[in-house]
1. Given the criterion surrounded by 17 or more Cβ atoms within 10 Å (Cβ to Cβ), touching a Lys or Arg at 6+ places or on another chain (Cβ under 8 Å) and under 25 Å from Ser232 (Cβ atoms), identify the matching residue among Pro78, Pro138, Pro112, Pro74.
2. Given the residues Ala159, Ala136, Ala155, which is the only one that is small (Gly, Ala, Ser), more than 25 Å from Asp240 (Cβ to Cβ), touching a residue at least 24 places away in the same chain (Cβ under 8 Å) and part of a loop (DSSP other than H, G, I, E, B)?
3. Against the definition (open to solvent by less than 10 Å² (accessible area, probe 1.4 Å) and either farther than 16 Å from Leu197 by Cα or not basic (Lys, Arg) (or both)), how does Asp235 come out, yes or no?
4. Report yes if some residue within the stretch 178-197 is more than 18 Å from the chain's Cα centre (by Cα), assigned to a helix (DSSP H, G or I), buried (at least 24 other Cβ atoms within 10 Å of the Cβ) and hydrophobic (A, V, I, L, M, F, W, C); otherwise report no.
5. What are the residue pairs meeting all of these: first residue in the stretch 72-87, first residue free of Cβ contacts under 8 Å to residues at least 40 places away in the same chain, second residue open to solvent by 30 Å² or more (accessible area, probe 1.4 Å) and not hydrophobic (A, V, I, L, M, F, W, C), Cβ atoms under 7 Å, and 6 or more apart or on different chains?
6. Scan the stretch 268-282 residue by residue and report those that are surrounded by fewer than 16 Cβ atoms within 10 Å (Cβ to Cβ) and polar (S, T, N, Q).
7. Identify, by number, the condition in (1) farther than 17 Å from Gly129 by Cα; (2) open to solvent by less than 20 Å² (accessible area, probe 1.4 Å) that Asp214 doesn't meet.
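The values are calculated or read from the model by the stated rules, or taken from the named source; none is laboratory data. Since this is a predicted model, take the numbers as computed values, not measurements. Here the Cβ is made from the backbone with ideal geometry for all residues, glycine too, and neighbour counts use every protein chain on show. When the accessible area is computed, the model is the full protein with side chains, heavy atoms only, and any ligands, DNA or RNA have been set aside. Shrake-Rupley method; radii C 1.70, N 1.55, O 1.52, S 1.80 Å.
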Amino acid sequence: MSAGHDIDKLKRLVGQHVPELADKRFSRLRAAGTDNVIYRIGEKHLLRVASRPEAIASLAYREPVAMRCLKNLPIETPQLLANGLMDTAESWPWLICTWLEGESFEASNHSPTRKDARRLALFLLDLQGQKRDFAAEPNVDNHWRGCQLSQRDTATRSAIGEVAEEFDAIALAAIWKAALEAGPCTDRDQTWIHGDLHPGNLLVRGGEVAGVIDWGLSGLGDPACDLMAGFSLFDASERDAFWQAVGVTETVWQRARGWALSTSVIAYAHYRGTRTPIEARSRRLLDELSFNV
C-alpha cells in the first residue's frame, strides 16, 4: 500500500483514536507532497500517513516528538492529537494534528516585511531555547539537516559544477568556501531546528507570517540551518532586520548563507526542468547569490 490507502480503514483509525472526529468530513488534499498522504478532517484537524519508506522515520519520530516537545512558540505550529502505526504489513506511521489556517508564503505571493523578519527571528530564538532532551541528531532520515557543513562539501561542490552553465560558479564556490572557513558549530551550540524553513512551510494569515508547518526534518543541529531563512525569504532590507533581531555573529551568519546555498544548489540540480515551486525558489536564490558575493 502506498498513496492508495484504504479510506474506510483510515476513517475507522481516526474514530478509534480520536472519537470526537469520527463523524467529521474526510477529504484528501491533492497537494500533499511526496512523502505523506494528507486528509483534512472537518475544519480543524488533519491526518497524515506515510506514502513511501523514506518518510517513515520522520513521521514516526521526528514530527510527533517536535509537536510534543516544543511549547509556547510565538508563531503557531500544529498540535499533536494522536499517532501510531497502521495495522498493515507495511506498518505505515500516521499522525493526527490540528489544521492551521492560512495560505503558504509561497502561494500567497506575500511580500515579506521587516515585521515578518523580526517575528520569524523571535520564533527561531524561542525554538533554539527549547530543551534539547528528545531532539534527534542529524541523520539520513532528515537529509542531514543541521549537520556540520563540511559533511555537505562534496555534494555542494558537485551541484555547483552541474549548474555552472546557468550561474556564476566561481561566485557560488567563493560563498561556499567562506561558509566552510567560518568554523563549525560546536556540540554545545546545537539547538532544536525546524530543518526545512522554506516559503512552502510558512503560512500567511492576516497579512503576516502566522504558522510554521511540516516538522519532518526537525531535530538537533546547527541553528544556522534555520537561519538560512534570512536569505531564502527576505530581500536586503528585511534580511538586515532579521540578522539584527537574531543577533548572531558573522561566523554563524556565514554558515547560514552556506546552508542557503547548499540546499538551493543541490535542490536545483535535482529538480531542474520540473517547473515545480522548489525549482523556482532555488533558482531565485542562486541568481541572487551569484550577483551578491
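1. Pro138
2. Exactly one of Ala159, Ala136, Ala155 is small (Gly, Ala, Ser), more than 25 Å from Asp240 (Cβ to Cβ), touching a residue at least 24 places away in the same chain (Cβ under 8 Å) and part of a loop (DSSP other than H, G, I, E, B), namely Ala136.
3. So Asp235 does not fit the description; no.
4. yes
5. Gln79/Thr98; Leu80/Arg68; Leu85/Ser91
6. Thr274, Thr276, listed by residue number.
7. (2) is the only condition that Asp214 fails.
Here is a yes/no grid of residues against (1) closer than 21 Å to Thr251 by Cα; (2) of a type outside the set (A, V, I, L, M); (3) at pLDDT 95 or above:
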site: Arg119; (1), (2), (3): no, yes, yes
site: Ala136; (1), (2), (3): no, no, yes
site: Gln148; (1), (2), (3): yes, yes, yes
site: Glu181; (1), (2), (3): yes, yes, yes
site: Asp189; (1), (2), (3): yes, yes, yes
